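For reference, the structure is listed below as C-alpha cells.
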Amino acid sequence: MQNLSVLAAQWVAPSVDYHGLAPELVVAGGLCLVLILDLFIDDRKKWLLSVISSFTLLAAMIPVLTLALSDVQVRSMFDGRYVVDNFSLVMKGVFLLSGYVVVLLSSSHVEEGEYWRGEYWFLLLSSLLGMLMMTSSRDLVSIFVALEFLSIPAYMLAAWRKRDTKSNEAGVKYFMLGVFASAVMLYGMSLLYGVTNSTLLVDVASQVTGTGEFSAVHALAVVFVVVGFAFKVSAVPFHTWAPDTYEGAPAPVTAFLSVASKAAGFVALVVLIYTAFPLAHDIWQPFFWGLSALTMTVGNVLALKQHNIVRMIAYSSISQGGFVLMPLAVAGMSGSANSALRSVVLYMIIYAATNLGVFAVILAVSRKTRSGEISSFGGLFSYAPALGVLMTLFMASLAGIPPLGGWIAKFVAFQSLLSSQSSWAYGLALIGAVNSVIAFGYYGNVMREIWMRPVPDGDITQIKIPGSLTLALGITSVATLVFGIFPAIGLHFADLAEIAGALSR
C-alpha cells in the first residue's frame, strides 16, 4: 500500500490539448450518436443517420480550419506520441472531405439496398476516425492501433452484401491478407522495439541511423514494417486482394477503400520514413524503387485486359499507387526530401477528388444499366451527356492530360525524380513515362465507349440521379478542374504539409 501511495503521489496526469484533439472528438461523438439513434428510430427514419454522418464530418472540418489558422504551429501530446502539425491537418482535411463525398455516394445506395443502415454509418465513421488518428500518430503502438481501427471496420464493410457470394469473398480475402500483413508489420515493430528500447518514432530514428551501428536486425525490421504498409497501398506484389475486394464490395465502399484507405497507408509510410527511418534510406529507397516500378507496370498491364469497369479501376488504382511511390524512391537523397513529400501529398489530394468522381459516375450509370461491364458505358453521351462529359474528364485526369488535375500531380512527381539528378531516378522516370502512355490505353477505351460506341441495349432512357449523388459529382468535378487549371491551389496545400520532428538530411 505504501508503494502504491508513493506511485500515486508521483503520477502526473498527461497534458491533453482538447483543441488539437477536436476533429477526432467530433467524429467519435458523431459515431456514438449514430449508434445510439439506430436503436431508437424506426426503419422509415433511418435516412437521418446518413444526414448525421455527413454533418459530423463537416463539423469536424471546423476545428481543422481553426487549428490551421492558429498561431501554434505544432501541438504535441503524450510525450510527443501524438502530434498535430501542418502535415496532419492537411491530411485530416483530405480524409474528412473524402469521407463526406463517400457519405454522399452511399446515401441513396444504402437506402435502396438491403443493408443494415445504422451499422454501415457507424463502421464508416469508425474507419475514418482511425485515419484521423493515423495522421497524428508518432509512436509505433499508436500507429498500429490507428491502422487496426481503420482496417477492421473496412473488412466488414467489404462484406456488407451478406447474400452476395462475391461480397463475402471480398471481405474474407481482404481480412485474411490484411491480418497477415498486420502480423508482418507488427513483427517488424517488435524488432524495432527490441533494438531501440523505445516505440517513440524520434527515439527509433536516433538508433536506426544507417551508420556503423546499423545491423541486419535494423534492416529486417525496416523492411517488415514497409511490407506491412505496402499491403495497405496495394503495392505489387502485395496487391492480390485489391481487384476481388473492389469488385465484390458495394461501390461506395470500393470508392472509400480506393481513396481514403489507400491514402491512410501512404500517410503511415511517409510518417515512418521521415520520422523514424530518415537515415536508413539505403534500405528503403531501393525497396521503394522496385515497388514503384513493379506496381505501376503490373497494374497498367493487367488493367488493359479488364472488361469490368470496377476491376479496371482496381488495377488503375494499383498503378496510381506506383506513381505515388515514385518520389519516395528519392526522398532520402540530399535536397529531395521536401519535394518528395510535396509530391506525395499533392498526388493524394488530386487522386482522391478524381477517383471519387469516377465512382460517382459508375454509381449513376449502374442505376440504369445494372451492369459493371465497360461496354455498358456505350453511347453514354447520347442519352446522358453530362455524365459522359464528366466521366471523360475523370478518365483524362487519371491519364494525366492537361488541363485536368492529374497532369499537375504527375508533373510534380516526375519533377521530384529529375531534381535528384540520379541515374536511378532517371531510370524510374523513364519507366513512369512509358506507363503513362500505356495507361491511356484503358482510360481511352472507356472514353471511346462513351463517345463512339452505340448504346448496347438501344435504351436511351434518361438516368434519374439522386440529389446526394449530384452533389458528389459537382464537388469532385469542380475539384478536378480547379486543381488542374489553377495548380497553385493544390501546390499551396502540398507545400503546407511539413512533418514536425522529421530529421533533416
- Query: Among the listed residues SER376, SER343, which satisfies the condition of being at pLDDT below 90 and among the hydroxyl-bearing types (Ser, Thr, Tyr)?
  - Reply: SER376
- Neighbours by Cβ (under 7 Å, 6+ apart or cross-chain): first from the stretch 154-166, more than 8 Å from GLY248 (Cβ to Cβ); second exposed (fewer than 14 other Cβ atoms within 10 Å of the Cβ): none
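Per-residue answers, yes or no, for (1) within 17 Å of the chain's Cα centre (by Cα); (2) within 24 Å of ILE283 (Cα to Cα):
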residue	(1), (2)
VAL141	no, yes
SER151	yes, no
ARG161	no, no
THR199	no, yes
SER206	no, yes
ALA216	no, yes
LEU220	no, yes
VAL223	no, yes
- Kindly list the number of the only condition in (1) part of a helix (DSSP H, G or I); (2) surrounded by fewer than 24 Cβ atoms within 10 Å (Cβ to Cβ); (3) touching a residue at least 60 places away in the same chain (Cβ under 8 Å); (4) of a type outside the set (D, E, K, R) that fails for MET296. (2)
- Query: Quick check: is even one residue across the stretch 484-494 part of a helix (DSSP H, G or I), more than 26 Å from THR369 (Cα to Cα) and touching a Lys or Arg at 6+ places or on another chain (Cβ under 8 Å)?
  - Reply: yes
- All but one of (1) modelled with pLDDT of 85 or more; (2) of a type outside the set (A, V, I, L, M); (3) part of a helix (DSSP H, G or I) hold for HIS218, so report the exception by its number. (1)
- Which one of these does SER127 not meet: (1) among the small types (Gly, Ala, Ser); (2) surrounded by 20 or more Cβ atoms within 10 Å (Cβ to Cβ); (3) not in a helix (DSSP H, G or I)? (3)
- Message: Looking at VAL204, VAL172, can you tell me which residue is touching a helix residue (DSSP H, G or I) at 6+ places or on another chain (Cβ under 6 Å), assigned to a helix (DSSP H, G or I) and not hydroxyl-bearing (Ser, Thr, Tyr)?
- Response: VAL204
- Lone unmet requirement of (1) under 25 Å from SER468 (Cβ atoms); (2) more than 22 Å from the chain's Cα centre (by Cα) for VAL27: (2)
- Item | Single residue of LEU390, LEU398 found to be over 28 Å from LEU325 (Cβ atoms), part of a helix (DSSP H, G or I), in contact with a Gly (Cβ under 8 Å, 6 or more places away or on another chain) and modelled with pLDDT of 90 or more | LEU390
- Task: Check the stretch 421-429 and report whether any residue there is at pLDDT below 90, buried (at least 20 other Cβ atoms within 10 Å of the Cβ) and within 30 Å of PHE493 (Cα to Cα).
- Result: yes
- Task: Might you let me know whether the stretch 164-184 holds any residue that is surrounded by fewer than 17 Cβ atoms within 10 Å (Cβ to Cβ), of a type in the set (S, T, N, Q) and closer than 30 Å to ALA472 by Cα?
- Result: yes
- Task: Could you check how many residues of the stretch 435-457 are loosely packed, with under 13 Cβ neighbours inside 10 Å and among the aliphatic types (A, V, I, L, M)?
- Result: 2
- Query: Tell me, which residue of the stretch 94-125 that is more than 23 Å from VAL345 (Cα to Cα) and of a type in the set (Gly, Ala, Ser) is modelled with the lowest pLDDT?
  - Reply: GLY113
- Out of the residues in the stretch 18-70 that are part of a helix (DSSP H, G or I) and of a type in the set (Ser, Thr, Tyr), state the one that is surrounded by the most Cβ atoms within 10 Å (Cβ to Cβ). SER53
- Would you check if there is a residue in the stretch 107-122 being farther than 23 Å from ASN338 by Cβ, among the basic types (Lys, Arg) and not in a helix (DSSP H, G or I)? no
- Task: Show the residue pairs that are 6+ apart or on different chains and have beta-carbon atoms under 9 Å apart, the first residue being within the stretch 404-415 and modelled with pLDDT of 90 or more, the second being of a type in the set (Lys, Arg).
- Result: VAL412/ARG342
- Task: Kindly provide the set of residues from the stretch 75-111 that are aliphatic (A, V, I, L, M), under 22 Å from the mean Cα position of the chain (by Cα) and more than 20 Å from ALA249 (Cα to Cα), ordered by number.
- Result: VAL83, VAL84, LEU89, VAL90, MET91, VAL94, LEU96, LEU97
- Which of the residues belonging to the stretch 191-205 are in contact (Cβ under 8 Å) with a residue 12 or more places away in the chain and out of contact with any strand residue (DSSP E or B) (no Cβ under 7 Å at 6 or more places or on another chain)? LEU191, LEU192, TYR193, GLY194, VAL195, THR196, VAL202, VAL204, ALA205
- Message: Any residue at all in the stretch 148-161 that's of a type in the set (A, V, I, L, M, F, W, C), crowded, with 20+ Cβ neighbours inside 10 Å, touching a Pro at 6+ places or on another chain (Cβ under 6 Å) and in a loop (DSSP other than H, G, I, E, B)?
- Response: yes
- Hey, among LYS464, LYS410, which residue is charged (D, E, K, R) and surrounded by 20 or more Cβ atoms within 10 Å (Cβ to Cβ)? LYS410
- Item | Given (1) in contact with a Leu (Cβ under 6 Å, 6 or more places away or on another chain); (2) aliphatic (A, V, I, L, M); (3) surrounded by fewer than 23 Cβ atoms within 10 Å (Cβ to Cβ), index of the condition VAL389 fails | (1)
- Query: Looking at (1) modelled with pLDDT of 90 or more; (2) more than 18 Å from SER137 (Cα to Cα), can you tell me which one LYS45 breaks?
  - Reply: (1)
- Which condition number does TYR426 fail, the rest of (1) outside any loop (DSSP other than H, G, I, E, B); (2) under 26 Å from LEU58 (Cβ atoms) being met? (2)
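The values are calculated or read from the model by the stated rules, or taken from the named source; none is laboratory data. The model shown is predicted, which means the values in this text are computed figures rather than measured ones. All Cβ positions, glycine included, derive from the backbone under ideal geometry; neighbour counts span all protein chains shown.
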